[in-house]
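Quick notes on the structure that follows.
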Amino acid sequence: MDAILEVQRLCCVRGPDGCEALHDVGLTVRPGEVILLAGKSGCGKSTLIHCACGLIPRIFPGQVRGSIELYGRTIGALATWEIAQRAGLAFQNPDHQLFTDTVQGEAAFGPENLALPQEEVAHRVEDVLRRTGLLGLRHRLTRTLSFGQKRRVGIAGVLSLKPRLFLLDEPASVLDDESARSIIADVARLAAEMGGAVLVAEHRLGYVIDHATRLVVMDRGSIVYDGSPAAAWDHEFRARHGLRAPACEFPKGPQFGICSIPAAGPVLQARRVCFSYAGHRPTAEEPAILADVNLDVAASAATVVAGPNGSGKTTLLKILAGLLRPTSGTVRWCDGSSAAAQGMYSRGRGSSIAYVGHQPLYLFRRGQVLRELASWLPPKTPLDLTVDIAERLDIRHLFARHPLALSEGESRRLAIAGALAAQPRVLILDEPSVGFDGHHMGCLLDALDRYMASGGALVVASNDQDFLCRLPTSAVCLSAIQQVSTAFDHPLFGSQSRVKSDKPSSTA
Amino acid sequence: MPVHHDCDVGKAAGGLDPRTKLVMVLCVYTVACAADDSWRLALALTVAAFWFWRVSPVHPGAPVDAATWLIIGSGSLLCMEFCPEWPAAVAESVARVCIILLGGGAFSRSTGTGELAAALQQIGCPRSLVLVLLACQVMVGCVRQEINQAWEAGRARTACLGTPRSPGLVAAAARWAAVSFCARLFRRADAMAAAAELRGFSRPGRRTSLKRPRLRLLDWCAATACCTAAALLLWTH
């Protein structure tokens, strides 16, 4: 059977320090295959995918040696738009992919560029929006979508091209459980229907492992395992290669609601918090982003905010952090003072809130990782603390690097390390585990555990079941929170347009 | 005199074909550039301001409504007519800039990237120009998003660490925000270019479009009315 993609003896040198991102990589992708590409953060998965579709060295800088053939033609001999007809890439960060202003326009962008007939464009748009659960959002502006919704739009934009080779770079990160499962199943099905193949780089193995026909594990730029996906079920194998567990159970986990540990004495209280963006008038079809949310954040505990993409998790976190003002309702410290006012003007332990969002890069103010980390320390705190935190989050080897030169995962670890170094009273993390392999997630969980043990209050918004189930779950339970999610027409969400939990539904 | 968005001329103006809206913008710009009479300038300012406001998102309870814009336009008209020479000249220059910004803003707020590209192709713009204009429009949105994110992260850092105490630290923070902003924007522009290329952006030949813009009777009427009004205003002068 002719190979769709044939990579032989591929080496790639990139980055300011000229490090070898890929070393002697060989990979053959045949029709019908779903290949799961796994490995530690920074092992070269994204670089391999970028090389496979010719982005390196055409657009991203890098020196490539070796041979890459797509459908028997050397990739260098193909124009980029010819590659687009054969291979489609969904980027790691959806913000880097969306090019038009509406969801529908984004799905139509590729077929329009390829000059497909109008009827065919309309058919494809309808089809991919249905597959990705975006039919109800088709006229929405992409800039008003949540991060997870943007991810789905990005994938829809690739699906509409109907390439025979799908290249997906961490497609499941930030997606909610049901969306991740259905989208990956759909891509695998679509590829099978067209006699194509899928190459998917992913840390959350559980969503791909059932569809994968091969597991390829990379380490430091080389392929160290190429074989049956069954190997991922072996604990020792995973530990050796820094992989996450392919399946986990979240016994008392949050399902489309807000969970928190029952608080004896809450540090922070949100009461009847409502939120709508300016210019948006809540309607039955598009309700308010948050409606009457009550939440207690307890010290020495984790509060988990979970829910489908677009349900208002990030908005709630920003309101708790004082970055957004609620349309109505209050967020107060236990002494009754306003959280936003106190957080904005005070410094030091016992008063502050630290927030690490989706884009941590803008938090940095120093030209070196070590100096950046030190800048987060409260006054009169020994510098040893930075080393300690850096070791726990595995960023000590990056001390001499510039914060702006770090990868997404590294900059997220640095931002979380900085926030921990500041010793805030409340630490708020939005999807902290995105881009984390098994080893680094263990580091993160250990650091968060220590933070909570020292009396810190943790608030986490995440859809990563693997991460959530490894938080100290013994105390997690559903609490008396009202949460209104935005409308979803995804079949998996059924007609559930408003999710409310007026009363405690379970207690651990 | 609040005018409701559901049944007014503003909504109709927002739904016009992009080519009609281009003609309207050109008419407003022509009056803004050619008129040296405060009455005409004030009229153009009022029209541009009204158009901009009507295609903007609904802000429930917003203090500025259609009546306010009309009062602002009329007030500026009277002020310019009766005030001494040099303030009138300054006011006229400001009015011209405002007309250009408001007209452009109204056009971009009411026109999506897809329909703009399709409309430009229909009037015979070369593909390269269409793509450049499309990329420019996209980058404006990116810049706005990045500014929001930088601003939000700055506030998050301040909330955690407190306000910098010396002007030097404030300046350093601003400098770093600018550096991060540029670094991120360049990185994002690179990635977006890559993503667009991998979706056939640079394929030679014409593009098709999901929605083919059509000129309706309303479009012809609006374009004719605008051209006639602009011609009359300038000709009577």
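Some notes on this structure:
- Within the stretch A:261-306, the set of residues being among the polar types (S, T, N, Q), more than 20 Å from A:Thr330 (Cα to Cα) and at pLDDT 80 or above comprises just one member, A:Ser300.
- Filtered by the rule that a residue be modelled with pLDDT under 75 and within 7 Å of chain A (Cβ to nearest Cβ), the stretch B:160-171 gives B:Gly162, B:Thr163.
- Flag for B:Ile147 being surrounded by 19 or more Cβ atoms within 10 Å (Cβ to Cβ) and at pLDDT 80 or above: no
- Within the stretch A:419-448, the set of residues being among the small types (Gly, Ala, Ser) and under 14 Å from B:Arg157 (Cα atoms) comprises A:Ala419, A:Ala421, A:Ala422.
- Subset tally (residues that are buried (at least 24 other Cβ atoms within 10 Å of the Cβ), at the interface with chain B (Cβ under 7 Å from one of its Cβ atoms) and in contact with a strand residue (DSSP E or B) (Cβ under 8 Å, 6 or more places away or on another chain)) for the stretch A:89-101: 3
- Being not β-branched (Val, Ile, Thr) and not in a helix (DSSP H, G or I) holds for only one residue in B:Leu215, B:Leu120, and it is B:Leu215.
- The lone exception for A:Ile35 - which of (1) buried (at least 21 other Cβ atoms within 10 Å of the Cβ); (2) out of contact with any Lys or Arg (no Cβ under 7 Å at 6 or more places or on another chain); (3) part of a strand (DSSP E or B) it fails: (2)
- Residue satisfying all of: in the stretch B:98-134; free of Cβ contacts under 8 Å to residues at least 40 places away in the same chain, closer than 19 Å to B:Met192 by Cα and out of contact with any Asp or Glu (no Cβ under 8 Å at 6 or more places or on another chain); farthest from the other protein chains (Cβ to nearest Cβ) among these: B:Leu129
- Of the residues A:Val459, A:Val426, A:Val434, the single one that is under 30 Å from A:Arg240 (Cα atoms) and of a type in the set (Val, Ile, Thr) is A:Val434.
- Which listed residue, of B:Gly124, B:Gly103, is modelled with pLDDT of 80 or more and exposed (fewer than 14 other Cβ atoms within 10 Å of the Cβ): B:Gly124
- Of all residues in the stretch A:365-409 being free of Cβ contacts under 8 Å to residues at least 24 places away in the same chain and part of a loop (DSSP other than H, G, I, E, B), the one that is nearest to B:Leu169 (Cα to Cα): A:Arg365
- Residue match in the stretch A:133-140 (condition: assigned to a loop (DSSP other than H, G, I, E, B), in contact with a Pro (Cβ under 9 Å, 6 or more places away or on another chain) and surrounded by 22 or more Cβ atoms within 10 Å (Cβ to Cβ)): yes
- Selection from the stretch A:56-72 of residues that are away from every other protein chain (no Cβ under 14 Å) and surrounded by 14 or more Cβ atoms within 10 Å (Cβ to Cβ): A:Val64, A:Gly66, A:Ser67, A:Ile68, A:Glu69, A:Tyr71
- Candidates B:Leu218, B:Leu232, B:Leu210, B:Leu185, filtered to the one that is hydrophobic (A, V, I, L, M, F, W, C), within 14 Å of chain A (Cβ to nearest Cβ) and either out of contact with any Gly (no Cβ under 7 Å at 6 or more places or on another chain) or surrounded by fewer than 18 Cβ atoms within 10 Å (Cβ to Cβ) (or both): B:Leu185
- Selection from the stretch B:188-204 of residues that are more than 7 Å from chain A (Cβ to nearest Cβ) and of a type in the set (Gly, Ala, Ser): B:Ala189
- Looking across the stretch B:104-121, just one residue is more than 12 Å from B:Leu16 (Cα to Cα), touching a Phe, Trp or Tyr at 6+ places or on another chain (Cβ under 9 Å) and among the hydroxyl-bearing types (Ser, Thr, Tyr), and that is B:Thr113.
- Yes/no for B:Arg157 being in a helix (DSSP H, G or I), out of contact with any helix residue (DSSP H, G or I) (no Cβ under 8 Å at 6 or more places or on another chain) and within 11 Å of another protein chain (Cβ to nearest Cβ): no
- Against the test of being assigned to a helix (DSSP H, G or I), in contact with a helix residue (DSSP H, G or I) (Cβ under 9 Å, 6 or more places away or on another chain), without any contact (Cβ under 8 Å) to a residue 60 or more places away in the chain and among the β-branched types (Val, Ile, Thr), the options B:Val170, B:Val179 yield a single qualifying residue, B:Val179.
The values are calculated or read from the model by the stated rules, or taken from the named source; none is laboratory data. Everything numeric here is computed off the predicted structure, so don't read it as measured data. All Cβ positions, even for glycine, are placed from backbone atoms using ideal geometry, and neighbour counts span all protein chains on display.
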